[in-house]
Amino acid sequence: MIEAIHLGKQFGDFVAVRDLNLVVQPGELVALLGPNGAGKTTTVRMLAAILPPGSGQARICGYDVVRDAQRVRRMVGLLTEYPGLYGRMAALEYLAFFGALLGLDAVECRQRSEVLLRQFGLWEVRNRQLESFSKGMRQKMALIRAMIHDPPVLFLDEPTTAMDPQSARTVRDAIGELRGAKRSILLTTHNLSEAEELADRIAIIRGGQIIACGSFAELSQQLLGDPIFELRLVHPDDQERAVALVRDLVDVQIIDGDRLSWQTAEPQALNPAILQRLTTAGISVYSLAEQPRRLEDLYLRIVAEDEAPHASHSR
């Protein structure tokens, strides 16, 4: 659905995107993460056939973004970071205008508008001018505009910016439903919990290049190793005896006065064996749980590792 092959773009002496490769499958949502100036917006503009690539190729649903630019634009829904709305238009009037530009007939556009306005809680204000909308309401309208022609590919740049928690949840739920409808979505966001919740895969871009790409679980395994489990004892006095009982099974770390910790690639086999030994010895276990990993930790680790060779080279 989305394919970038050695994609590049340079503005004068500044290289915005270099040798970027990315494939997004039908029904897949990929979150594109990176610091400001990393090349996210330039990449999206090239993929949406707004900005021609300086090098390489990009295809949307098999259509080349240069040779078939007009067709690509009709197959793409684009929410930009700073969506411009025509403030003097009412919501329905605004959607009718853009629907017509995208080739929708009036009846189809009205039906799509009602469905989307109701979904995002804006149906009751459909005849109000957009200049009277709050910032969050305007963001919803911009997203509806991107979806009005039911595109198979969506590019969403910071879709929940400035929204209150309830509105942001509405938008995230809608994005999840869109992915389920076999659309492909490329989402750029600085909200890492949002990316972790929504994305099938995470692509991290820095200096115009994708430096890591994979599911959260895959990236966690590659960078942080096997999952960590923590066991808490009912009686802290049992800690030393518990360590002695399981030391031959796993490398156990002692935490505080009542907890044990270990890493394993085979928790289904190891953890029951540990519990059985402890309970057989009369040691009471309060809890055993995998320790959560955050996308923020993973992201900072990847960016820091990528910075290291640049720092070394600059010296």
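The values are calculated or read from the model by the stated rules, or taken from the named source; none is laboratory data. In this text, all values refer to a predicted model and were calculated from it rather than measured experimentally. As a convention, Cβ positions derive from the backbone with ideal geometry for all residues, glycine included, and neighbour counts pool all protein chains shown.
Are any residues in segment 207-241 assigned to a helix (DSSP H, G or I) and in contact (Cβ under 8 Å) with a residue 24 or more places away in the chain, and if so, which ones? Result: Phe216, Leu219, Ser220, Leu223, Leu224, Asp238, Arg241. For segment 256-272, taking the residues that are assigned to a strand (DSSP E or B) and touching a Lys or Arg at 6+ places or on another chain (Cβ under 9 Å), the one that is modelled with the highest pLDDT is identified as Leu260. When the criteria are applied in full, Ala16 fails the requirement of being closer than 24 Å to His190 by Cβ and out of contact with any helix residue (DSSP H, G or I) (no Cβ under 6 Å at 6 or more places or on another chain). Screening Arg88 on (1) out of contact with any Gly (no Cβ under 8 Å at 6 or more places or on another chain); (2) outside any loop (DSSP other than H, G, I, E, B) shows it passes everything except condition (2). When Ala146 is tested against the conditions (1) farther than 27 Å from Val23 by Cα; (2) crowded, with 18+ Cβ neighbours inside 10 Å; (3) not polar (S, T, N, Q), the lone failure is (1).
Entry remark, segment 187-217: residues being within 16 Å of Phe155 (Cα to Cα), surrounded by fewer than 22 Cβ atoms within 10 Å (Cβ to Cβ) and of a type in the set (Val, Ile, Thr) number 1 in total. Sub-6 Å Cβ pairs linking a first residue in segment 286-297 that is under 12 Å from Leu224 (Cβ atoms) to a second residue that is among the charged types (D, E, K, R) and surrounded by 14 or more Cβ atoms within 10 Å (Cβ to Cβ), at least 6 apart or interchain, are Gln291/Glu230; Leu295/Glu196, ordered by first then second residue. Look through Glu230, Glu196, Glu240 and report the one residue that is at negative phi and within 28 Å of the chain's Cα centre (by Cα). None of the other options fit; the residue is Glu196.
Answer yes or no: is there a residue in segment 97-107 that is of a type in the set (Phe, Trp, Tyr) and not in a strand (DSSP E or B). Scanning segment 97-107 turns up at least one residue that is of a type in the set (Phe, Trp, Tyr) and not in a strand (DSSP E or B). Scanning segment 3-25 for residues that are closer than 18 Å to Pro151 by Cβ and out of contact with any strand residue (DSSP E or B) (no Cβ under 6 Å at 6 or more places or on another chain) turns up just one, Gln25. The residue that is farthest from Val234 (Cα to Cα), counting only those in segment 286-296 that are surrounded by 13 or more Cβ atoms within 10 Å (Cβ to Cβ) and touching a helix residue (DSSP H, G or I) at 6+ places or on another chain (Cβ under 6 Å), is Leu295. A single member of Glu81, Glu131 is of a type in the set (D, E, K, R) and under 22 Å from the mean Cα position of the chain (by Cα), and it is Glu81. Taking the stated definitions as given, is Leu278 in a helix (DSSP H, G or I), buried (at least 18 other Cβ atoms within 10 Å of the Cβ), at pLDDT below 90 and in contact with a strand residue (DSSP E or B) (Cβ under 8 Å, 6 or more places away or on another chain)? Here the answer is no, as Leu278 does not meet what is asked. Among the residues in segment 94-103, are any farther than 17 Å from Leu143 by Cβ, exposed (fewer than 15 other Cβ atoms within 10 Å of the Cβ), modelled with pLDDT of 95 or more and more than 26 Å from the chain's Cα centre (by Cα)? No, segment 94-103 has no match at all. Within segment 44-77, the residues that satisfy the criterion of being of a type outside the set (A, V, I, L, M, F, W, C) and more than 21 Å from Met147 (Cβ to Cβ) are Pro52, Pro53, Gly54, Ser55, Gly56, Gln57, Arg59, Gly62, Asp64, Arg67, Asp68. Would segment 64-71 turn up any residue that is in contact with a helix residue (DSSP H, G or I) (Cβ under 8 Å, 6 or more places away or on another chain), buried (at least 17 other Cβ atoms within 10 Å of the Cβ), modelled with pLDDT of 95 or more and assigned by TED's automatic domain parsing to the domain that holds Arg206? The answer is yes, given that some residue of segment 64-71 is in contact with a helix residue (DSSP H, G or I) (Cβ under 8 Å, 6 or more places away or on another chain), buried (at least 17 other Cβ atoms within 10 Å of the Cβ), modelled with pLDDT of 95 or more and assigned by TED's automatic domain parsing to the domain that holds Arg206.
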